[in-house]
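Novice: Dropping a structure here in structure tokens format, bear with me for questions.
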Amino acid sequence: MTIEETTLLRWIPLLPLIGTIVGIAAAATDRPRVTRIVSPLMVLLAFVVAATAVVRLSGLPAGGALHDRVYSWISVGPLSVDLAFRVDALTAVMILVVTGVGFLIHLYSIGYMETDPDLARYFAYLNLFTGSMLILVLGESLPVMFIGWEGVGLCSYLLIGFWYREMPNADAGQKAMLANRIGDAAFLIGMFLLFWSLASSGQATLNLDEVNHQAGALAAAMPWVPTAVCLLLLIAATGKSAQIPLYVWLPDAMAGPTPVSALIHAATMVTGGVYMIARLSPLYAVAPAALEVVALIGGVTCLYAATIALVQEDLK
């Protein structure tokens, strides 16, 4: 496998996060018009950098990847985690969707939210979400992915309850936060269990590629561990992707501004759980019982959601 080192990837999530800082400053100084230009521009620049990275990736042999190690983040005992980003064929699709669709929704928001007195706060949250989602999909390891995972959950809460002065909106945001916390707890437990089992066999790692590489050996040594880890991560995915049983927050999430529903709850965040499972597909491949549960939950959720949609009067 060809891996090309670059410092390009860090700018993909960093640019929207710069937009967040500008948005916070604009809100504090009551200059919301600044964010109408800066926030969409930062996401557009992130799209340009993402497209550049994808072009560079296409020049590598099949199965190649781009890698960007920012710094050594955690080094405690057998645990070593770098703050590092990686782009391969799967990640390439996601970063183009997040930045491309994200820019269009930022652009639409300029007119949709034009008269809102909290425009700067809105764009700060939207930029923070975009940066967090990009960290989620670019993260080379589970802990880095978890930073983005928590970030998009926080932004979902903030944006669903954006018009918090109306109590139903505030309640909807809290409901989303609570449902996601259940999934996040399962993610942490699954990650801890995975690290413990790999460390006990002398292969302590939380790097996604290394975990996938060790999946077969782990299944041979501890057959129950991959199934348990995959089921815990599936619970986390049901929270982010609004699958049964943790789907209950999504209908209420429509209380947020319409561009938020389009970006977070239709196009990007709800794909986070699916992306995580796809990223760990070799681990799921050695846990067939967990794969059956994935298929069951996905099928039942699709059927249940379709029957709910049949009797809805509100298109949104």
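Novice: Within the group Gly173, Gly139, which residue is touching a Phe, Trp or Tyr at 6+ places or on another chain (Cβ under 8 Å) and under 22 Å from Asp68 (Cα atoms)?
Specialist: Gly139
Novice: Another question, then. Counting residues that are in contact with a Cys (Cβ under 7 Å, 6 or more places away or on another chain), which helices (runs of 4 or more DSSP H) fully inside the range 95-204 reach at least 2?
Specialist: The helices (runs of 4 or more DSSP H) meeting that bar are 119-138.
Novice: Please work out which one of (1) over 17 Å from Pro257 (Cβ atoms); (2) surrounded by fewer than 23 Cβ atoms within 10 Å (Cβ to Cβ) is the condition Gly139 fails and give its number.
Specialist: Unmet for Gly139, out of (1) over 17 Å from Pro257 (Cβ atoms); (2) surrounded by fewer than 23 Cβ atoms within 10 Å (Cβ to Cβ): (2).
Novice: A further question on this structure: Can you name every residue in the range 31-89 that is buried (at least 19 other Cβ atoms within 10 Å of the Cβ) and of a type in the set (Ser, Thr, Tyr)?
Specialist: Listed by number, the residues that qualify are Thr35, Ser39.
Novice: Which of the following residues is within 21 Å of the chain's Cα centre (by Cα), assigned to a loop (DSSP other than H, G, I, E, B) and not assigned by TED's automatic domain parsing to the domain that holds Asp209: Leu9, Leu45?
Specialist: Leu9
Novice: Of the numbered conditions (1) closer than 24 Å to Pro288 by Cα; (2) part of a helix (DSSP H, G or I), Gln243 fails exactly one; give the number of that condition.
Specialist: (2)
Novice: Which one of these does Ala27 not meet: (1) small (Gly, Ala, Ser); (2) in a helix (DSSP H, G or I); (3) at positive phi?
Specialist: All conditions are met except number (3).
Residue-by-condition table, conditions (1) aliphatic (A, V, I, L, M); (2) touching a Pro at 6+ places or on another chain (Cβ under 6 Å); (3) surrounded by fewer than 24 Cβ atoms within 10 Å (Cβ to Cβ); (4) within 28 Å of Leu280 (Cα to Cα):
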site	(1), (2), (3), (4)
Val101	yes, no, yes, yes
Leu107	yes, yes, yes, no
Leu119	yes, yes, yes, no
Tyr122	no, no, no, no
Leu128	yes, no, yes, yes
Ser132	no, no, no, yes
Val144	yes, no, no, yes
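Novice: Hey, could you check the range 90-99 for residues that are β-branched (Val, Ile, Thr) and within 15 Å of Gly131 (Cα to Cα) and say which is surrounded by the most Cβ atoms within 10 Å (Cβ to Cβ)?
Specialist: Per the stated criteria, the residue is Val98.
Novice: In the range 146-156, which residues are touching a residue at least 40 places away in the same chain (Cβ under 8 Å), of a type in the set (A, V, I, L, M, F, W, C) and either under 17 Å from Ala266 (Cβ atoms) or surrounded by fewer than 24 Cβ atoms within 10 Å (Cβ to Cβ) (or both)?
Specialist: Phe146, Val152, Cys155
Novice: Are there helices (runs of 4 or more DSSP H) fully within the range 249-316 with at least 1 residues that are surrounded by 12 or more Cβ atoms within 10 Å (Cβ to Cβ) and among the acidic types (Asp, Glu)? List them.
Specialist: Counting at least 1 such residues, we get 249-252.
The values are calculated or read from the model by the stated rules, or taken from the named source; none is laboratory data. These figures come from a predicted structure and were not determined experimentally. In this analysis, Cβ positions are derived from the backbone assuming ideal geometry, glycine residues included, and neighbour counts consider all displayed protein chains.
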